[in-house]
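J.: One structure, pasted below without further comment.
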Amino acid sequence: MDNKKEKKMHIPWGLLFNITIIILTLFLIVYFIFSEGGFRDLLNSGLQISVVWMLTAVFVHLLNIALDMTVIYLFVKETNPEFSVKNALIVSMTGQFFSAITPSASGGQPMQIISMSRMGIKPSNSTSALIQKFLVWQFTMAVYCIVAVVARFSFISGQLNPTMWVLSILGFAAQVLMIVVLLLASFCKALTTKVVNFFLDLLGKLHILRNVEDKKKSIDETLTSFHESNKQLNKNKVLLVKIYAITAIQMTAYFLAPYCIAMAFGIYCDIFDMLCAQAYVSMVSSLIPLPGGSGAAEYSFSVFFGTYFSAQTIKSAILLWRTITYYGTIAISAPFAWLRNKKSVNKAAPDPNMGEIEEN
């Protein structure tokens with residue numbers, strides 16, 4: 001009788017998830033190309049698509065990426081004067097790539113922190129800069145959505161079916177909650193520490209977390225270092241105003257792609273309506289915990305822009321929009337994501353207040 005214990009089968013859930021997402025993505029691409037009214041039918045219809053406007057759509061998206069790099073450069077250089085434009089480009093594109101391929105864009109910032117660590121930047125400084133950047137983006141997005149509701153309420157409400165109403169309310173509430181949490185973590189250290197310690201104690205009592213006191217000490221040191229970095233960043237009010245302005249332009253550039261695609265199809269529409277609609281598409285698709293909001297992005301685009309594009313053009317418009325703003329982003333940022341794996345000439349300076357970052 002064999003006394004060897006049978007090994008339990010380990011199900012690679014991460015791999016299965018990635019395979020599922022790849023299959024979903026390929027299905028959507030094939031669907032938008034070959035289904036009735038898809039891109040193949042559009043090409044056979046003889047419709048003249050403006051190359052100039054399509055190139056403009058590509059340009060505004062590249063402008064969005066360039067401005068993202070600029071914001072990272074300005075924030076990080078404030079605490080690390082040696083940070084270069086080349087470094088900012090690598091960090092930005094690393095974030096673009098890993099945000100695109102991970103659920104809810106969760107992999108972008110951690111990989112950017114690792115990338116900057118290899119450039120000699122303390123994790124506390126890079127984390128602070130990236131959270132500040134995220135706060136600016138969230139505030140700007142919230143303002144965009146508020147303006148869209150106030151200025152174009154009849155237009156927005158006219159596009160919303162019951163499902164989209166629910167998603168819109170949840171999306172806006174999620175953004176407000178995220179801003180509140182980040183503000184507390186950024187500026188209310190005592191309250192943040194109490195809340196964190198409460199949950200750590202709870203996890204300890206439930207026997208989910210071990211070494212609770214050590215975790216508390218580590219997090220307290222991290223928060224202390226983080227708040228010191230925040231103080232330094234917030235001293236420069238002119239910088240913050242500049243970054244808010246750049247972020248507003250960046251967001252506008254990102255939201256302009258659907259308008260440019262509509263113009264390429266010979267569809268003349270109100271540019272402000274298109275910007276408001278795209279703001280809502282971005283807000284709703286961010287709720288779905290899938291890479292790139294796959295499925296939700298396409299669905300919300302069809303709902304908000306269905307009144308502009310006909311049944312013969314809407315699928316092609318979605319395909320071109322996703323190719324430019326999502327698939328294209330993955331393609332151009334992938335080489336930079338590989339570059340982050342190369343060791344920087346300057347080794348990362350040790351940060352006494354931060355634990356080691358595990359590099360994958």
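J.: Inverting the mean 1/r over all pairs of different Cα atoms, compute the Kirkwood radius of region 25-167 and quote it in Å. Mind dumping the intermediate values first?
T.: Details: mean 1/r = 0.0539 Å⁻¹.
Averaging 1/r across every pair of different Cα atoms and inverting gives 18.6 Å.
J.: Relative contact order, percent, of the chain when contacts are C-alpha pairs under 8 Å separated by at least 6 residues?
T.: Numbers: 403 pairs, mean separation 122.0, N = 360.
The value is 34 percent.
J.: Once both labels are modelled 7 Å past Cα along the beta-carbon direction, what's the TYR31-TYR244 spacing in nm?
T.: 4.1 nm
J.: Right, something else. Take the alpha-carbon positions of region 161-280, form their convex hull, and give its projected area averaged over all directions (one quarter of the hull surface) in nm². If you can, show how the numbers build up before the last one.
T.: Values: hull surface 47.2 nm².
The directionally averaged projection comes out at 11.8 nm².
J.: Which distance in nm do the two modelled labels at ASP214 and VAL195 give, with both placed 7 Å along the Cα-to-Cβ direction?
T.: With each label placed 7 Å out from Cα toward Cβ, I get 2.7 nm.
J.: Follow-up. What are the ³J(HN,Hα) values, in whole Hz, obtained from phi via the Karplus relation 6.51 cos²θ - 1.76 cosθ + 1.60 with θ = phi - 60°, for each residue of region 297-304 in sequence order, with x given for Gly and Pro?
T.: So the J values, rounded to whole Hz, are 4, 5, 5, 5, 4, 5, 6, 6.
J.: Expressed as an acute angle from 0 to 90° and rounded to the nearest 10, what is the orientation of the C-alpha long axis of helix 271-285 relative to the principal long axis of the chain?
T.: The two axes meet at around 50 degrees.
J.: Would you mind getting me the FRET efficiency between LEU55 and PHE139? Use the beta-carbon distance for r and R0 = 41 Å, nearest 0.05.
T.: Numbers: r = 32 Å, r/R0 = 0.77.
Calculated value: 0.80.
J.: Moving on. Using a 10 Å cut-off around each Cβ, can you sort HIS227, HIS61 from fewest to most neighbouring Cβ atoms? Please list the in-between numbers first.
T.: On the way: HIS227 18, HIS61 22.
Neighbour counts put them in this order, fewest first: HIS227, HIS61.
J.: I would also like to ask the following. I need VAL180, VAL238, VAL71 ordered by Cβ neighbour count within 10 Å, fewest first. Before the final figure, lay out each step's value.
T.: Working: VAL180 10, VAL238 7, VAL71 22.
Lowest count first: VAL238, VAL180, VAL71.
J.: While we're on this one: Would you list ILE33, ILE318 from fewest to most Cβ contacts within 10 Å? All intermediate terms of the calculation are to be shown ahead of the outcome.
T.: On the way: ILE33 16, ILE318 24.
Ordered by Cβ neighbours within 10 Å, fewest first: ILE33, ILE318.
J.: Another question, if that's okay. Exceeding 28 Å between C-alpha atoms, which entries from my cross-link table qualify? They are LYS133/LYS205; LYS86/LYS237; LYS122/LYS217; LYS216/LYS237; LYS194/LYS235.
T.: Details: LYS133/LYS205 36 Å; LYS86/LYS237 25 Å; LYS122/LYS217 19 Å; LYS216/LYS237 33 Å; LYS194/LYS235 26 Å.
Long pairs (Cα-Cα over 28 Å): LYS133/LYS205; LYS216/LYS237.
J.: Pull out the extension gain between VAL147 and LEU177, defined as 0.36 nm times the separation in residues minus the alpha carbon to alpha carbon distance; nm, one decimal.
T.: Values: separation 30, 0.36 × 30 = 10.80 nm, distance 1.88 nm.
Gain on extension, VAL147 to LEU177, equals 8.9 nm.
J.: Pulled fully out, how much extra length does the chain show between ASN234 and LYS205, if you take 0.36 nm times their separation in residues and subtract their Cα-Cα distance?
T.: Numbers: separation 29, 0.36 × 29 = 10.44 nm, distance 3.81 nm.
Contour length minus the Cα-Cα distance gives 6.6 nm.
Here, each number is a calculation from the coordinates, and none is a lab measurement. The shown structure was predicted, so the numbers you read here are calculated from the model rather than taken from an experiment. For neighbour counting, all protein chains shown are included, and Cβ atoms are generated from backbone atoms with ideal geometry for every residue, glycine included.
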